[in-house]
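Comments concern the structure below.
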Amino acid sequence: MTDISQFQPLFPEERVLGPLHELAAQLIAECHTLQGQAGASMVRALSPKLRAMNSYYTNKIEGQHTKPAEIERAMKKDFNADAALARKQRVAIAHMEVEQQFEQVLGKTAPGEVFSPLLVCEIHGLLYGKLPEADRVTDEREAIVPGEYRKKGVKAGLHVAPPPDEIEELMDAWAGRYRKLAGTEALLIGAACSHHRLTWIHPFIDGNGRAARLHAHLVLHAMGLTQGLWSPMRGLARTQEQYYASLNNADLSRRNDLDGRGSLSQEELVAFAMYFLGVCLDQVRFMRERLDLASLRGRLKSLLLHLQQQPWAIGSEKSVVKIDALEALHYVAMAGPIERSRFVAMTGLGERTGRRVLASLLDFGVLTEESTRSPVAFGVPLDSLRFLFPNLWPEAEVNSN
């Protein structure tokens, strides 16, 4: 029988929870403020870009990221001729698709139910199942079987992961402890602690970090805290050294009688949870600053002036962008989709010129459409980020024109 105590405590004792509860309460309050700041139109426009960011940053942690522009091209099925780069593009797209798929599936799922061994296997299975067989290999050229627990012993850094025959029971114990947590603050603390304990089990031959980070993101999503506007992945990548150090420290054995009751250090588990929740809080505040909807109109004006001065080819013609479209574009960004005829009328331009401006903004991507006759909605193309949301994704601004 598997010794479950080897990775306990799974959750800190009540006597040490005070600072974690305080941090969790701050995070919850900031999430509610952010959600009140961003309307449905903005969430709809930003979510695809933020999903690409999440993919970029989680793969950056693994040292297998590609440039934002390459991700954008891959989203249009334009893969690089270089095999290694094309593989990174495929990994990026797989992460984005799986994140979106599970966000839709788990939208009405009780957060506790996300602590599921089956779900963790499904996350890993879909992430790697979307890749061609040639991409599903470790650095040592071993096959990665999507969603299947490893069948050999492994070592991750200094940590010797438990043997394969113990994984299933450890995963069941992991799920059993976190699934029964009650209350938003406790669930948040559980999301942090469970992330480390899942990486400690190291259930798969490869892809454990990606699967564990996506799982943590989905727990926060199921709690209704992210709303498609933030994720811990960016913060974990931008504090990567501390992330790895905190994970490694939480692997340490219990120091003394004051350091919890399990085999592992409770003090270091608390320290990791404080770090993780601090990263989440920082990301929510970062997004609040980046959105700054009170000044969005001015940022839209800067974008339109830039596009007006830098026409581009659309088929055999040149783009036509005029500052007259500012009020209409701002309205769509704040209020949501409107009919094409209404957008043209709001510009105050003549019918022909107004429709050329509309076509140009659709081509650039700051307006989007579901069909050639559908209402137009607000969009956030990669090349607009430096104008609309500067420093949101700095790496994406490097090669912007």
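The values are calculated or read from the model by the stated rules, or taken from the named source; none is laboratory data. Just so you know, these numbers come straight off a predicted model, no measurement behind them. Cβ atoms come from the backbone with ideal geometry, glycine included; neighbour counts cover every protein chain shown.
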Taking the stretch 178-216 and the residues there that are over 21 Å from the mean Cα position of the chain (by Cα) and among the aliphatic types (A, V, I, L, M), the one that is modelled with the lowest pLDDT would be ALA182
For ALA333: the one exception among (1) farther than 30 Å from LEU10 by Cβ; (2) surrounded by fewer than 19 Cβ atoms within 10 Å (Cβ to Cβ) = (2)
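Do we find that LEU392 is more than 30 Å from ARG238 (Cβ to Cβ), buried (at least 21 other Cβ atoms within 10 Å of the Cβ) and in the same structural domain as LEU329 (by TED's automatic domain parsing) in this structure? Walk me through it before giving the result.
On the way: more than 30 Å from ARG238 (Cβ to Cβ): no; buried (at least 21 other Cβ atoms within 10 Å of the Cβ): yes; in the same structural domain as LEU329 (by TED's automatic domain parsing): yes.
No, not satisfied.
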Checked the stretch 144-164 for anything surrounded by 11 or more Cβ atoms within 10 Å (Cβ to Cβ) and not in a loop (DSSP other than H, G, I, E, B); matches are ALA156, HIS159, VAL160, PRO164
Can you name the residue in the stretch 105-135 that is at pLDDT 95 or above and assigned to a loop (DSSP other than H, G, I, E, B) and, of all such residues, is surrounded by the fewest Cβ atoms within 10 Å (Cβ to Cβ)?
-> PRO132
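Every residue, every condition in (1) closer than 28 Å to ARG179 by Cα; (2) modelled with pLDDT under 95; (3) of a type in the set (S, T, N, Q), yes or no:
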{"residue": "ASP3", "(1), (2), (3)": "yes, yes, no"}
{"residue": "PRO9", "(1), (2), (3)": "yes, no, no"}
{"residue": "ALA25", "(1), (2), (3)": "yes, no, no"}
{"residue": "GLN37", "(1), (2), (3)": "no, yes, yes"}
{"residue": "SER41", "(1), (2), (3)": "no, yes, yes"}
{"residue": "TYR56", "(1), (2), (3)": "no, no, no"}
{"residue": "HIS65", "(1), (2), (3)": "no, yes, no"}
{"residue": "ALA69", "(1), (2), (3)": "no, yes, no"}
Pair list, Cβ < 7 Å and 6+ apart or interchain, from the stretch 240-262 residues that are exposed (fewer than 12 other Cβ atoms within 10 Å of the Cβ) to residues that are not in a loop (DSSP other than H, G, I, E, B) | SER253/LEU264
Filtering the stretch 363-377 down to residues that are within 17 Å of HIS306 (Cβ to Cβ) and out of contact with any Gly (no Cβ under 7 Å at 6 or more places or on another chain), which residue is surrounded by the most Cβ atoms within 10 Å (Cβ to Cβ)?
-> PHE364
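So, of the residues in the stretch 169-224 that are charged (D, E, K, R) and part of a helix (DSSP H, G or I), which turns out to be farthest from GLY157 (Cα to Cα)?
Here is the first cut: in the stretch 169-224, the residues charged (D, E, K, R) are 169, 172, 177, 179-180, 185, 197, 206, 210, 213.
So of that shortlist, the ones also part of a helix (DSSP H, G or I) come out as 169, 172, 177, 179, 185, 197, 210, 213.
Details: GLU169: 23, ASP172: 24, ARG177: 26, ARG179: 29, GLU185: 31, ARG197: 15, ARG210: 16, ARG213: 18 Å.
Among those residues, the one meeting the criterion is GLU185.
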Which numbered condition GLU317 fails, given (1) touching a helix residue (DSSP H, G or I) at 6+ places or on another chain (Cβ under 9 Å); (2) at pLDDT 95 or above; (3) not assigned by TED's automatic domain parsing to the domain that holds PRO12 = (2)
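Listed residues VAL320, VAL270; which is surrounded by 15 or more Cβ atoms within 10 Å (Cβ to Cβ) and within 26 Å of PRO390 (Cα to Cα)?
Values: VAL270 fails: within 26 Å of PRO390 (Cα to Cα).
After ruling out the rest, the residue left standing is VAL320.
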Only one of these is of a type in the set (A, V, I, L, M), touching a helix residue (DSSP H, G or I) at 6+ places or on another chain (Cβ under 7 Å) and either farther than 16 Å from HIS21 by Cα or free of Cβ contacts under 8 Å to residues at least 12 places away in the same chain (or both): ILE167, ILE189. Name it.
-> ILE167
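If you take just the helices (runs of 4 or more DSSP H) that sit entirely in the stretch 1-104, which of them hold at least 2 residues that are exposed (fewer than 15 other Cβ atoms within 10 Å of the Cβ) and either in contact with a Lys or Arg (Cβ under 8 Å, 6 or more places away or on another chain) or of a type in the set (Asp, Glu) (or both)? Explain how you work it out, then say what you get.
Numbers: elements: 18-37, 40-61, 68-75.
Helices (runs of 4 or more DSSP H) meeting the threshold: 18-37.
Within the bounds of the stretch 121-128, is there any residue that is within 23 Å of LEU187 (Cβ to Cβ) and out of contact with any helix residue (DSSP H, G or I) (no Cβ under 6 Å at 6 or more places or on another chain)? Steps first, please.
Taking the stretch 121-128 first, the residues within 23 Å of LEU187 (Cβ to Cβ) are 121-124.
Filter once more, keeping what is out of contact with any helix residue (DSSP H, G or I) (no Cβ under 6 Å at 6 or more places or on another chain): 121-122.
Yes: one or more hits.
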How many residues, within the stretch 336-362, are crowded, with 18+ Cβ neighbours inside 10 Å, more than 35 Å from the chain's Cα centre (by Cα) and hydroxyl-bearing (Ser, Thr, Tyr)?
-> 1
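Got a sec? Which of VAL332, VAL321, VAL344, VAL357 is hydrophobic (A, V, I, L, M, F, W, C) and in contact with a strand residue (DSSP E or B) (Cβ under 6 Å, 6 or more places away or on another chain)? Before the answer, list the steps.
Working: VAL321 fails: in contact with a strand residue (DSSP E or B) (Cβ under 6 Å, 6 or more places away or on another chain); VAL344 fails: in contact with a strand residue (DSSP E or B) (Cβ under 6 Å, 6 or more places away or on another chain); VAL357 fails: in contact with a strand residue (DSSP E or B) (Cβ under 6 Å, 6 or more places away or on another chain).
Checking each option against the conditions leaves just VAL332.
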Determine whether SER374 is of a type outside the set (A, V, I, L, M, F, W, C) and in a loop (DSSP other than H, G, I, E, B).
-> yes
